[in-house]
Each structure stands twice: as C-alpha cells, then as structure tokens.
C-alpha cells in the first residue's frame, strides 16, 4: 500500500493517561501491556479528536479501576493511517472492521487472538502509521491509535497543552 491509500491525520488530539503518568504521556506501553490494537510489547499511542470522546473511551476502565486520569492535548502531524470506515481499503487489506468491535479482553481470556489484533497486524504490515478505531459508544465517533511516532519518517507528536482533569458524571 502507499500513503495515498491511507487517511492523512494531523491536528490536536486528546490522550487519557493515569494522573500519575503525565510525564510519560508519549511513551509506548510497557512490555506487559496489551490493548485493543497492540499485543504485549508492541508500541501504540491511543487518542481521540475531542476531549469528550477520549473520556468516553476510558470511562469503563475508570469505573473498573477507580484510578484518576487526565487528558493530555497532543499535536499530531504527518500521520498516514488506515481508516476502518473505508470499505474499499478494508477489503484490499483483508480487514473486517466489525472484528475490531469484539471485546479484546474476553478474547484473550478465552485463549483467542482478538479480531482487533488481526486487523492491526494487517494495517501495520501494510505500512500504515496507525489505525482509525470506530467508536462503539459514540455515533460516528472514532479514535486514533498510532503504531509508530517520533522517529524519522513517522508521525510527529508532542504535548501541546496542560493536563485536563477527567471527571465522570
């Protein structure tokens, strides 16, 4: 695939992090961490284009673990990402966007490979810098997961504002 097959993304996004991890907002997850679009040890940087969407994405985790979080405004430039909303490119890459909607945690708990990991693996192999995740809670909402950043010829990201306290209603 070439970059024209991907969606160019740039602008300000919002990343939710534990309030104790503000200084590590741009760091990849630790080797013990897995997520919707990354296996243990794979780099991933999750964020959303609006503060409210970012809060929605982590609200379940916050209710589950009770840990305080903040939003970090992040400037993203020159990201070419696979957009799961694009049916034609999904077909070309052999990606089933609906497979990303299942619970990745339940799949792992059952000894299965989450469909979202399969989709992310294919997007990574195609050369995409990241993937657009269609929100399961917000109509027409989406989130961004970068696979690589702040290296030569990759998207550049930087913190561009003060942390914003997250409160659930």
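The values are calculated or read from the model by the stated rules, or taken from the named source; none is laboratory data. Since the structure is predicted, the reported quantities are computational estimates derived from the model, not experimental observations. Positions of Cβ are backbone-derived with ideal geometry, glycine not excepted, and every protein chain shown enters the neighbour counts.
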Enumeration of residues in region 131-154 that are over 13 Å from the mean Cα position of the chain (by Cα) and closer than 21 Å to residue 25 by Cβ: 150, 151, 154
Conditions (1) within 16 Å of the chain's Cα centre (by Cα); (2) more than 16 Å from residue 38 (Cα to Cα): number failed by residue 128: (2)
Region 105-137: number of residues that are at pLDDT below 95, within 18 Å of residue 47 (Cβ to Cβ) and part of a helix (DSSP H, G or I): 0
Residue count, region 61-80 (criterion: out of contact with any strand residue (DSSP E or B) (no Cβ under 8 Å at 6 or more places or on another chain) and part of a loop (DSSP other than H, G, I, E, B)): 1
Search result, residues across region 118-157 that are touching a residue at least 40 places away in the same chain (Cβ under 8 Å) and exposed (fewer than 13 other Cβ atoms within 10 Å of the Cβ): 137, 150
Residue in region 102-117 that is farthest from residue 140 (Cα to Cα), counting only those that are without any contact (Cβ under 8 Å) to a residue 60 or more places away in the chain and surrounded by 15 or more Cβ atoms within 10 Å (Cβ to Cβ): 107
Counted residues, region 57-99 - those being closer than 17 Å to residue 140 by Cα and over 19 Å from the mean Cα position of the chain (by Cα): 1
Any hit, region 10-26, residues being loosely packed, with under 13 Cβ neighbours inside 10 Å and in a loop (DSSP other than H, G, I, E, B): no
Residue within region 31-52 that is surrounded by 18 or more Cβ atoms within 10 Å (Cβ to Cβ), at pLDDT below 95, under 28 Å from residue 168 (Cβ atoms) and out of contact with any helix residue (DSSP H, G or I) (no Cβ under 6 Å at 6 or more places or on another chain) present: yes
Qualifying residue in region 144-158 (condition: touching a helix residue (DSSP H, G or I) at 6+ places or on another chain (Cβ under 7 Å), assigned to a helix (DSSP H, G or I) and under 19 Å from residue 57 (Cβ atoms)): no
Count - residues of region 60-84 that are touching a helix residue (DSSP H, G or I) at 6+ places or on another chain (Cβ under 9 Å) and surrounded by fewer than 14 Cβ atoms within 10 Å (Cβ to Cβ): 2
